[in-house]
Amino acid sequence: MTVLDYRQSPRTGAGADTGSLGHWLGWAVYLAMSWTWCIGMFLPVLLVRDYGIWGWIAFAVPNVLGAAAMGWVLRRPESSRNMVAAHRPAMICFSAVTVAFQFFFAAWMFYPQDYSWMLPATAVLAAVMLIPASSAAKRVRFEHLIAIAVLLVSLACMFFVVKRTLRSVPSVLHAPVRPVELLALAPVMAFGFLLCPYLDVTFHHARRHTSSERARLAFSIGFGVIFLVMIAFTVAYGPELPFRHGSFVLGPARWALAAYLMVQLAFTVGVHVREATDRLKQSVWIGCAVLVTAACIGTGSFWLGDVAFVVDHRVASPSEMVYRLYMGFYGLVFPAYVWICVVGSPERRPSKAAVGVFLVAIAVALPAFWMGFIQGRMLWLVPGLGVVLLAKLAVPRPGRSRETVGVE
């Protein structure tokens, strides 16, 4: 039995496998680049700062395993199609928050460095992913080529940064470690990273276009090798982000690091906007509108953060507080939805009872997560996570007569 306990549906109609598109290695690069965004590129920096190298380990293990597992859990492409059809509103919300999060992070990283031009450049690069293709095969080929280009640029930037920062890396081994707090935080990270991938439309895009064997290869190599290299890079450039005057400041290798951040953020934004608007007519124009709206929301949250929030003694800056607020979606809201509304019946639309339990669980757990993520009192996360886990018991089991949702 898999973690999602999905039911196999017959190979009939539109739900049947229409064949694989693209090489599995191209999908591996695509997946790794789509998942390298402002969580993988920056949360390890904060964790290493606060908990030393063990913070990075607690982040990396569930992240890599949870993302790679999706290629094994969803055994057939039509399982992914049915899941998207059943839970598409939640997946659109996931993409919307993710895109806004990227723009907030870009504003945070680029504006204090006098690289403000990189923010619109990120949007322009993201819009490249919205270029229409004459066929599905050409679209996949284009996406893979862009992903490979992003990987090559990232590796070049890594080489330049690591060359300048290699001597600073051992310092993370001596960072203060607070084992009790880390033990309280680790289950929340595992909860989020094991479940959030099932709401990622880019993951489903890859799964729908790969056979079972290719999916296992793509997801395993994409996350177990390529993505692992990306997040290992954070240990090298973490010392390049000293805290000064209310924000993180890029160090001597700032141009290479800024270019790395820009291409990775742009690719993530582009693929999410494209997939979230893929089924809508004239999706290019709608995608551009979504892109501009998310850019305004993300940038606005950066500026409002500096005005609206009082910095807690455990949080370095108002911008970091906003970053932690965004992280609440991936540590609480989205994994709670998967746990309560998806696990057990992933190919069925959630019942009203399940949605109600989900909303109540979020409301009850939210104060505990606020105390943990924002106030820095990590022990509060234990009862907060417990509330969400126990809420699953209140969800009525789906009746056998309810059919799985088919794709159009």
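Checked against (1) surrounded by 21 or more Cβ atoms within 10 Å (Cβ to Cβ); (2) over 14 Å from the mean Cα position of the chain (by Cα); (3) among the small types (Gly, Ala, Ser), Ala184 passes all but condition (1).
In this structure, is Phe223 closer than 18 Å to Ile57 by Cβ and of a type in the set (Phe, Trp, Tyr)?
Numbers: closer than 18 Å to Ile57 by Cβ: yes; of a type in the set (Phe, Trp, Tyr): yes.
Considered against the rule, which asks whether it is closer than 18 Å to Ile57 by Cβ and of a type in the set (Phe, Trp, Tyr), Phe223 comes out as yes.
Kindly provide the set of residues from the stretch 363-373 that are touching a helix residue (DSSP H, G or I) at 6+ places or on another chain (Cβ under 6 Å) and either of a type in the set (Ser, Thr, Tyr) or buried (at least 17 other Cβ atoms within 10 Å of the Cβ) (or both), ordered by number. Those that are touching a helix residue (DSSP H, G or I) at 6+ places or on another chain (Cβ under 6 Å) and either of a type in the set (Ser, Thr, Tyr) or buried (at least 17 other Cβ atoms within 10 Å of the Cβ) (or both): Ala365, Ala368, Phe369, Met371, Gly372, Phe373. Within the stretch 38-50, not a single residue is touching a Ser or Thr at 6+ places or on another chain (Cβ under 8 Å) and among the charged types (D, E, K, R).
The residues of the stretch 74-96 that are surrounded by fewer than 20 Cβ atoms within 10 Å (Cβ to Cβ) and β-branched (Val, Ile, Thr) amount to a single one, Ile92.
Yes/no per residue for (1) modelled with pLDDT of 90 or more; (2) farther than 19 Å from Phe94 by Cα:
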position: His313; (1), (2): no, yes
position: Pro346; (1), (2): yes, no
position: Trp370; (1), (2): yes, yes
position: Gln375; (1), (2): no, yes
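Restricted to the stretch 101-122, and to residues there that are assigned to a helix (DSSP H, G or I) and polar (S, T, N, Q), the residue that is surrounded by the fewest Cβ atoms within 10 Å (Cβ to Cβ) is Gln113. Just one of the listed residues (Val343, Val357) is surrounded by fewer than 23 Cβ atoms within 10 Å (Cβ to Cβ), of a type in the set (Val, Ile, Thr) and in contact with a helix residue (DSSP H, G or I) (Cβ under 6 Å, 6 or more places away or on another chain), and it is Val357.
Being closer than 21 Å to Gly328 by Cα and either in contact with a Gly (Cβ under 7 Å, 6 or more places away or on another chain) or modelled with pLDDT under 95 (or both), is that true of even one residue in the stretch 64-72? Yes, the stretch 64-72 has at least one match. Report whether or not Ile148 is under 30 Å from Trp285 (Cβ atoms), at pLDDT 95 or above and surrounded by fewer than 19 Cβ atoms within 10 Å (Cβ to Cβ). Criteria met by Ile148.
Rundown of residues vs (1) modelled with pLDDT under 90; (2) β-branched (Val, Ile, Thr); (3) surrounded by fewer than 17 Cβ atoms within 10 Å (Cβ to Cβ); (4) closer than 20 Å to Gly40 by Cα, yes/no style:
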{"site": "Leu155", "(1), (2), (3), (4)": "no, no, yes, yes"}
{"site": "Phe160", "(1), (2), (3), (4)": "yes, no, yes, yes"}
{"site": "Thr165", "(1), (2), (3), (4)": "yes, yes, no, yes"}
{"site": "Val169", "(1), (2), (3), (4)": "yes, yes, yes, yes"}
{"site": "Pro176", "(1), (2), (3), (4)": "yes, no, yes, no"}
{"site": "Val188", "(1), (2), (3), (4)": "no, yes, no, yes"}
{"site": "Phe193", "(1), (2), (3), (4)": "no, no, no, yes"}
{"site": "Cys196", "(1), (2), (3), (4)": "no, no, no, yes"}
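Residues in the stretch 229-257 that are surrounded by 18 or more Cβ atoms within 10 Å (Cβ to Cβ) and modelled with pLDDT of 80 or more: Met230, Ile231, Phe233, Thr234, Val235, Ala236, Tyr237, Ala256, Leu257.
Would you pick out the residues in the stretch 123-168 that are outside any loop (DSSP other than H, G, I, E, B), within 20 Å of the chain's Cα centre (by Cα) and either more than 20 Å from Val29 (Cα to Cα) or not β-branched (Val, Ile, Thr) (or both)? Lay out the reasoning, then the answer.
Step one: filter the stretch 123-168 for residues outside any loop (DSSP other than H, G, I, E, B), giving 123-128, 136-168.
Applying the additional criterion that residues be within 20 Å of the chain's Cα centre (by Cα) yields 123, 125-127, 143-144, 146-148, 150-151, 154.
Those that are outside any loop (DSSP other than H, G, I, E, B), within 20 Å of the chain's Cα centre (by Cα) and either more than 20 Å from Val29 (Cα to Cα) or not β-branched (Val, Ile, Thr) (or both): Ala123, Leu125, Ala126, Ala127, Glu143, His144, Ala147, Leu151, Ser154.
Looking at Phe160, is it touching a residue at least 12 places away in the same chain (Cβ under 8 Å) and in contact with a Gly (Cβ under 9 Å, 6 or more places away or on another chain)?
Working: touching a residue at least 12 places away in the same chain (Cβ under 8 Å): yes; in contact with a Gly (Cβ under 9 Å, 6 or more places away or on another chain): no.
No; evaluated as a whole, the condition is false for this residue.
Filtering the stretch 22-49 to residues that are surrounded by fewer than 20 Cβ atoms within 10 Å (Cβ to Cβ) and either at pLDDT below 85 or touching a strand residue (DSSP E or B) at 6+ places or on another chain (Cβ under 7 Å) (or both) leaves only Arg49.
The values are calculated or read from the model by the stated rules, or taken from the named source; none is laboratory data. Worth saying up front: this structure is predicted, and the values here are computed from it rather than measured. Cβ: placed from backbone, ideal geometry, glycine included. Neighbour counts: every protein chain shown.
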